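Okay, here's the structure, questions in a sec.
The values are calculated or read from the model by the stated rules, or taken from the named source; none is laboratory data. Here the structure is a predicted model, which means the values were calculated and not measured. Cβ atoms come from the backbone with ideal geometry, glycine included; neighbour counts cover every protein chain shown. Side chains included, ligands, DNA and RNA excluded: accessible areas come from the protein's heavy atoms. Shrake-Rupley method; radii C 1.70, N 1.55, O 1.52, S 1.80 Å.
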Amino acid sequence: MNDPHCPEEPARQVEISMDWGSDVAAEMLRRLDVEYISLNPGASFRGFHDSLVNYLGNRSPQILLCLHEDNSVAIAHGYAKATGKAMAVALHANVGLMHALLGIFNAWCDRAPMFLIGSNGPFDTTRRRPWMDWLHTHKDQGALLRNSIKWDDEPRSVAALIESMLRAAALSQTPPRGPVYICLDVELQETRIEQLPAIPDILRYAPAHIPEASIEVATSVVELLVNAQQPVILMGKTSRSQSSWDQRVRLAELTGASVATDLKSAAAFPTNHPLHIAGLTLRISDQLITAIRQADVVLVLDWIDSASLFHAVGEKIEATVINCSLDSYLHSGASMEHFGFALADISVLAEPDNFVSQILSELENRLENKPKWTADYAKPALIPKTGMPKSIGAPIEPADIAIALNTFRESHEFTLARVPIGWDGDTYEFTGPLDFLGYDGGGGLSSGPGNTIGAALGLRDTNRCVIGILGDGDFLQASTALWTAARYAIPALFIISNNRSNYTDVKHQKTIAETRSRPLENSGIGQHINEPAIDLAAMAIAQGVEAEGPIQQFGELIPALKKALAVIESGRPYLLDVLVQQG
Ligand SMILES: Cc1ncc(C[n+]2csc(CCOP(=O)(O)OP(=O)(O)O)c2C)c(N)n1
Ligand SMILES: [Mg+2]
């Protein structure tokens with residue numbers, strides 16, 4: 001059922017029967033256990049919208065009104081990151097879908113499950129309203145997004161719609177997961193049902209069991225790991241399950257493997273564990289390159305772009321490489337989110353969490369339950385990199401945000417839904433699977449606010465404070481997402497790491513200027529978001545989100561965070577604009 005904390009639209013007063021095609025689409029979402037549907041309205045799905053409100057009574061799923069379709073999708077993406085579950089998103093014919101495409105690309109690259117409901121038509125030209133119905137009809141709407149989804153359909157009858165939605169739900173949740181799209185023709189939505197086809201038992205259309213590796217493959221991997229002197233495990237995309245986390249820790253300790261994680265993927269291993277390789281970043285760290293050079297066995301668990309990592313090592317890889325991933329099932333060549341074709345002496349077609357679970361007991365047996373790693377768990381505490389203690393009047397460095405957050409971690413459980421591009425992963429430890437939810441998937445800005453809101457929505461019933469630390473450029477591309485957080489009292493904390501610039505691209509301009517011996521001082525032109533500086537707190541307040549900022553002195557940071565945390569703990573969103581130094 002719906003989350004009782006979510007302020008709702010009026011629910012239906014009387015029982016309404018399933019009389020229209022779109023009622024069936026709404027009913028199916030309920031039976032498929034979809035909790036929320038984000039949308040920006042449009043006439044092309046007015047029938048479906050009516051069914052959500054008047055047939056379902058706006059519950060299970062409940063509508064989340066968004067002011068831009070990119071935000072609708074980013075919220076569903078953040079929700080999937082936090083819960084592993086698919087939310088629905090309704091998209092207006094053509095134009096709403098076009099707005100949504102970037103978010104869909106991000107979710108696709110991130111392999112996030114999502115139920116996209118489109119609309120079209122009327123397909124029959126004689127039934128089109130003048131002007132707009134023509135503009136908002138497309139012969140093959142799925143063609144606009146087919147390269148960024150697992151499957152799409154445009155069913156032509158209620159019976160076909162039922163089957164289509166069953167298939168969509170199962171496919172979206174079958175690993176490798178991803179968005180699916182069902183387009184509802186206006187005529188189908190607005191058809192009065194003469195005789196309702198039987199809706200089958202959903203449980204009889206279950207997603208497929210996740211495949212395991214064969215016994216031969218599992219045994220050969222165990223053999224390699226038992227005999228390895230210096231194994232390395234690359235822990236990439238994993239689930240948010242605590243038991244799978246514990247199994248990964250056990251795997252590392254049993255085998256004595258050094259473990260790498262990176263900021264593209266959600267937290268996969270305790271970064272404060274002595275076996276974790278330092279240098280946590282979005283990019284390829286020097287520490288990781290060194291570890292691969294010294295390794296004799298490398299176990300790759302769904303690591304994003306391992307081919308580039310091996311290229312960066314720059315010499316023949318001596319280690320035996322085991323690559324465990326199901327991702328190749330989705331590789332079509334349409335886009336390049338499959339990255340380079342990665343080295344693999346043994347390629348294991350299994351989901352990494354499953355595979356770790358599969359080999360663990362055999363490993364325990366072979367090693368007689370004696371972990372190769374025996375050191376104490378405790379690792380020296382983080383050394384702040386910004387020269388603490390600082391004077392209270394000192395300007396704020398980007399890393400100070402992490403350092404300030406650390407001071408609250410004994411009393412609060414944080415989920416970082418997002419961190420900015422330049423985040424220094426060695427300033428803030430991840431100690432559990434919900435501590436960090438990874439990056440945007442497709443490198444498309446405007447995802448940060450929505451991802452943060454979706455994660456806060458998905459984790460609302462837990463005791464976690466959900467925080468998105470966002471670049472100002474990312475935030476400004478999607479700032480109207482905040483209204484949805486205010487409207488539905490979603491307790492997300494947005495901390496803007498505000499350098500008043502698209503600073504990542506300033507660095508690119510500097511690189512080009514250096515190569516071309518051109519003036520370095522011009523590298524900020526067309527990049528800085530300044531003169532006039534934008535009042536980000538005012539943008540939040542205008543949408544009903546409490547806010548403070550810009551704060552610019554180190555001494556303001558901790559008191560401001562304290563206030564921010566009190567607000568989100570009382571169930572309301574908050575924005576803190578932190579003016580940080582560029583660099
Ligand atoms: C939709 C989209 N437009 C443009 C870019 C190119 N781009 C990558 S990083 C960046 C700057 C982002 O600025 P901000 O979020 O403030 O982070 P900063 O680099 O300043 O830390 C831009 C414009 C992109 N990745 N996505
Ligand atoms: Mg910036």
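Of the residues in the stretch 240-282, how many are of a type in the set (S, T, Y) and farther than 19 Å from T83 by Cα? Let's see the steps before the verdict.
First, pick out the residues of the stretch 240-282 that are of a type in the set (S, T, Y): 241, 243-244, 255, 258, 261, 265, 271, 281.
Okay, now just the ones that are also farther than 19 Å from T83 by Cα, so 255, 258, 261, 271, 281.
The total comes to 5.
Quick check on my filter: what residues within the stretch 121-143 are open to solvent by less than 10 Å² (accessible area, probe 1.4 Å) and out of contact with any strand residue (DSSP E or B) (no Cβ under 6 Å at 6 or more places or on another chain)?
Hit for the stretch 121-143 is P122, nothing else.
Right, something else. Scan L561, L557 and give me the residue that is under 25 Å from the mean Cα position of the chain (by Cα) and modelled with pLDDT of 95 or more.
Testing whether each residue is under 25 Å from the mean Cα position of the chain (by Cα) and modelled with pLDDT of 95 or more leaves just L561.
State which residue is nearest to N451 (Cα to Cα) when the search covers only the stretch 259-310 and only residues that are part of a strand (DSSP E or B) and over 26 Å from the mean Cα position of the chain (by Cα).
The qualifying residue nearest to N451 (Cα to Cα) is V298.
Looking at this structure, is S244 in contact with a strand residue (DSSP E or B) (Cβ under 9 Å, 6 or more places away or on another chain), in a helix (DSSP H, G or I) and open to solvent by 10 Å² or more (accessible area, probe 1.4 Å)?
When the stated conditions are applied, S244 does not pass them.
In the stretch 38-52, is there at least one residue being under 20 Å from A417 (Cβ atoms) and part of a strand (DSSP E or B)?
So the first thing to find is which residues in the stretch 38-52 are under 20 Å from A417 (Cβ atoms), and the list is 38.
Now restrict to residues that are part of a strand (DSSP E or B): 38.
Yes - at least one qualifying residue is present in the stretch 38-52.
Hey, another quick one. Restricting to the stretch 460-482, name every residue that is open to solvent by less than 30 Å² (accessible area, probe 1.4 Å), within 15 Å of ligand 1 (Cβ to nearest atom) and more than 19 Å from D424 (Cβ to Cβ).
Residues satisfying the conditions are F475, A478, S479, A481.
Does the stretch 495-508 contain at least one residue that is away from ligand 2 (no atom under 11 Å from the Cβ), farther than 30 Å from G458 by Cα, in contact with a Lys or Arg (Cβ under 9 Å, 6 or more places away or on another chain) and free of Cβ contacts under 8 Å to residues at least 12 places away in the same chain?
no
Hey, can you tell me all the residues within the stretch 428-459 that are open to solvent by less than 10 Å² (accessible area, probe 1.4 Å) and part of a helix (DSSP H, G or I)?
Within the stretch 428-459, G448, P449, G450, N451, T452, I453, G454, A455, A456, L457 meet the criteria.
Sticking with this structure for a sec: Tell me whether the stretch 420-435 contains one or more residues that are within 16 Å of ligand 1 (Cβ to nearest atom) and either hydrophobic (A, V, I, L, M, F, W, C) or over 22 Å from H276 (Cβ atoms) (or both).
Scanning the stretch 420-435 turns up at least one residue that is within 16 Å of ligand 1 (Cβ to nearest atom) and either hydrophobic (A, V, I, L, M, F, W, C) or over 22 Å from H276 (Cβ atoms) (or both).
Being within 20 Å of the chain's Cα centre (by Cα) and closer than 29 Å to A169 by Cα is the requirement here; does S244 meet it? Show your work before the answer.
Numbers: within 20 Å of the chain's Cα centre (by Cα): yes; closer than 29 Å to A169 by Cα: yes.
Answer is yes for this residue.
Let me ask another. Only one of (1) more than 19 Å from the chain's Cα centre (by Cα); (2) polar (S, T, N, Q); (3) more than 16 Å from ligand 1 (Cβ to nearest atom) is not met by Q509, so which one is it?
Going through (1) more than 19 Å from the chain's Cα centre (by Cα); (2) polar (S, T, N, Q); (3) more than 16 Å from ligand 1 (Cβ to nearest atom) one by one, Q509 breaks only (3).
Taking the residues in the stretch 320-348 that are assigned to a loop (DSSP other than H, G, I, E, B) and in contact with a strand residue (DSSP E or B) (Cβ under 8 Å, 6 or more places away or on another chain) as candidates, determine which candidate is modelled with the lowest pLDDT.
The selected residue is A342.
If the Cβ limit is 6 Å and pairs must be 6+ apart or interchain, which residue in the stretch 456-474 that is farther than 13 Å from I495 by Cβ pairs with which residue that is near ligand 2 (Cβ under 9 Å from one of its atoms)?
Cβ pairs passing all conditions: G473/N502.
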